[in-house]
Amino acid sequence: MKKILTASTIALSLLAASTTQAASTYSQTKYPVVLAHGMMGWDTMLGIEYWYQIPNDLRANGANVYTTQASGLESSEVRGEQLLTQVKEILAISGQSKVNLIGHSHGGHSVRYVAAMIPNSVASVTTMATPAKGAPMADLIVNGGTAGGIGATVIQAAGTMLNLLNGGSSLGLSVSANRSLASLSTAGSAAFNAKFPQAIPTTACGEGAYEVNGVKYFSFAGTSPKTNFLDPLDLAVGLVAKAFTNGEANDGFVGRCSAHVGKVVRDNYNMNHIDFMNHVFGLRGLTTDPKAIYREQLNRLKLAGM
């Protein structure tokens, strides 16, 4: 497989991290932290970070943080393999024996995949707003007949454009809306969970195993599709939330119970799906700071010796 990030790129990232003076050691975990983006995601695009201000905030608090890039639209297995390649490179360059993985949205499937493949090299997995048991909007499109086909075509076009803008095309990253949506559907997620059941709850809205094969699992979720009237994406997120016809609390894209993986740290933040990336440009509800959530989770890992 073609390497997504070159060793030299990761080495430069490591050098930058080592030369940055941390303001505190609050988030200084034993092992490096690797962030995996979600559907339609990127690392840095036109100077805009997917994880807006989050990596630098964590570094300022002592963490050694790496961001990664996988296909914005692809199956869970393909994206997982892409992340696996990068994690192996990070382990080699950093000289560390393990990493702490954090995945947002579809990135949660990616980090679970890596943990299943190389559990001895993973200290922890944290999923942020991940549809572990599927997303209603994906179901609507996958099972939507002609209308669903049109929706998939629109998403494919948007994903192809983003792949050009974020440099994914130059990295050889494939784009497939159909495979992405199928993976995020209820049926596709159930198939993925059958292959990789680690820390998936066996009840409808319970918790999963806290530790599997030496890897500790944590999850977070929000339940507020609209959090800031100034955020231009809140309207779109609110529209997507209408797919939740069963009345389940959700963040616009992911249901509260679907996001449960391992130990559920909290599943009712006043956050929507985009807030977990600290976008758009930090616009969010007044009561919750996404950066603080990541800082606190790394402190939790630090205190647990990870």
Original post:
Are any residues in region 87-130 part of a helix (DSSP H, G or I), crowded, with 24+ Cβ neighbours inside 10 Å and polar (S, T, N, Q), and if so, which ones?
Top reply: Ser110
Original post:
For Glu207, all conditions in the list (1) touching an Asp or Glu at 6+ places or on another chain (Cβ under 9 Å); (2) farther than 30 Å from Gly282 by Cβ; (3) charged (D, E, K, R) hold save one; what is the number of the exception?
Top reply: (1)
Original post:
Taking the stated definitions as given, is Val261 in a strand (DSSP E or B) and either within 16 Å of Pro55 (Cα to Cα) or not aromatic (Phe, Trp, Tyr) (or both)?
Top reply: no
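Scanning region 18-43 for residues that are among the hydrophobic types (A, V, I, L, M, F, W, C) and modelled with pLDDT of 95 or more, which turns out farthest from the chain's Cα centre (by Cα)? Quick ask: steps written out before the conclusion?
So the first thing to find is which residues in region 18-43 are among the hydrophobic types (A, V, I, L, M, F, W, C), and the list is 22-23, 33-36, 39-40, 42.
With modelled with pLDDT of 95 or more added as a condition, the list becomes 33-36, 39-40, 42.
Values: Val33: 13, Val34: 10, Leu35: 7, Ala36: 5, Met39: 8, Met40: 11, Trp42: 11 Å.
In this case the residue turns out to be Val33.
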Subject >> Odd one out for Ser185, checked against (1) touching a residue at least 12 places away in the same chain (Cβ under 8 Å); (2) within 20 Å of Leu83 (Cα to Cα) >> reply: (2)
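In this structure, is Thr146 within 26 Å of Phe244 (Cβ to Cβ) and surrounded by fewer than 20 Cβ atoms within 10 Å (Cβ to Cβ)?
Values: within 26 Å of Phe244 (Cβ to Cβ): yes; surrounded by fewer than 20 Cβ atoms within 10 Å (Cβ to Cβ): yes.
Judged against the criteria, Thr146 is a match.
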**OP:** May I ask you to verify whether Ala190 is aliphatic (A, V, I, L, M), under 14 Å from Thr130 (Cα atoms), touching a residue at least 12 places away in the same chain (Cβ under 8 Å) and crowded, with 24+ Cβ neighbours inside 10 Å?
**Re:** no
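Here's the yes/no breakdown for (1) within 20 Å of Met39 (Cβ to Cβ); (2) surrounded by fewer than 19 Cβ atoms within 10 Å (Cβ to Cβ); (3) free of Cβ contacts under 8 Å to residues at least 24 places away in the same chain; (4) in contact with a strand residue (DSSP E or B) (Cβ under 6 Å, 6 or more places away or on another chain):
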| position | (1), (2), (3), (4) |
| --- | --- |
| Thr160 | yes, yes, yes, no |
| Gly168 | yes, no, no, no |
| Ser180 | yes, no, no, no |
| Gly206 | no, yes, no, no |
| Gly214 | no, yes, no, no |
Original post:
Within region 263-278, is there a residue that is in contact with a helix residue (DSSP H, G or I) (Cβ under 9 Å, 6 or more places away or on another chain), surrounded by fewer than 18 Cβ atoms within 10 Å (Cβ to Cβ) and under 28 Å from Gln198 (Cβ atoms)?
Top reply: yes
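May I ask you to verify whether Ser185 is modelled with pLDDT of 95 or more and closer than 17 Å to Met40 by Cβ? Full working, then the answer.
Values: modelled with pLDDT of 95 or more: yes; closer than 17 Å to Met40 by Cβ: yes.
Yes; evaluated as a whole, the condition is true for this residue.
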Original post:
How many residues does region 46-74 contain that are buried (at least 23 other Cβ atoms within 10 Å of the Cβ) and more than 17 Å from the chain's Cα centre (by Cα)?
Top reply: 2
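Which residues, taken from region 225-254, are part of a loop (DSSP other than H, G, I, E, B) and in contact with a helix residue (DSSP H, G or I) (Cβ under 8 Å, 6 or more places away or on another chain)?
So in region 225-254, the residues part of a loop (DSSP other than H, G, I, E, B) come out as 225-233, 244-249, 251-254.
Hits for region 225-254 are Pro225, Lys226, Thr227, Asn228, Phe244, Thr245, Asp251, Gly252, Phe253.
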**OP:** From (1) out of contact with any helix residue (DSSP H, G or I) (no Cβ under 6 Å at 6 or more places or on another chain); (2) assigned to a strand (DSSP E or B), pick out the condition that doesn't hold for Gly149.
**Re:** (2)
**OP:** Mind listing whichever residues of region 44-77 are within 21 Å of Leu164 (Cβ to Cβ) and not in a loop (DSSP other than H, G, I, E, B)?
**Re:** Thr44, Met45, Ile48, Glu49, Thr67
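What tally of residues in region 89-108 results from selecting those that are under 30 Å from Thr186 (Cα atoms) and out of contact with any strand residue (DSSP E or B) (no Cβ under 7 Å at 6 or more places or on another chain)? If you could, list the steps in order and put the result at the bottom.
Going residue by residue through region 89-108, those that are under 30 Å from Thr186 (Cα atoms) are 99-108.
Within this subset, residues satisfying the condition of being out of contact with any strand residue (DSSP E or B) (no Cβ under 7 Å at 6 or more places or on another chain) are 105-106.
Residues meeting the conditions: 2.
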Original post:
Going by the structure shown, is Ser174 within 18 Å of the chain's Cα centre (by Cα), under 30 Å from Asn120 (Cβ atoms), in a loop (DSSP other than H, G, I, E, B) and hydroxyl-bearing (Ser, Thr, Tyr)?
Top reply: no
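Name the residues in region 266-298 that are part of a helix (DSSP H, G or I) and of a type outside the set (Ser, Thr, Tyr), would you?
Of the residues in region 266-298, the ones part of a helix (DSSP H, G or I) are 275-277, 290-298.
Of everything in region 266-298, those that are part of a helix (DSSP H, G or I) and of a type outside the set (Ser, Thr, Tyr) turn out to be Asp275, Phe276, Met277, Pro290, Lys291, Ala292, Ile293, Arg295, Glu296, Gln297, Leu298.
The values are calculated or read from the model by the stated rules, or taken from the named source; none is laboratory data. Note that this is a predicted model, so its numbers are computed, not measured. Backbone-built Cβ (ideal geometry, glycine too); neighbour counts: all protein chains shown.
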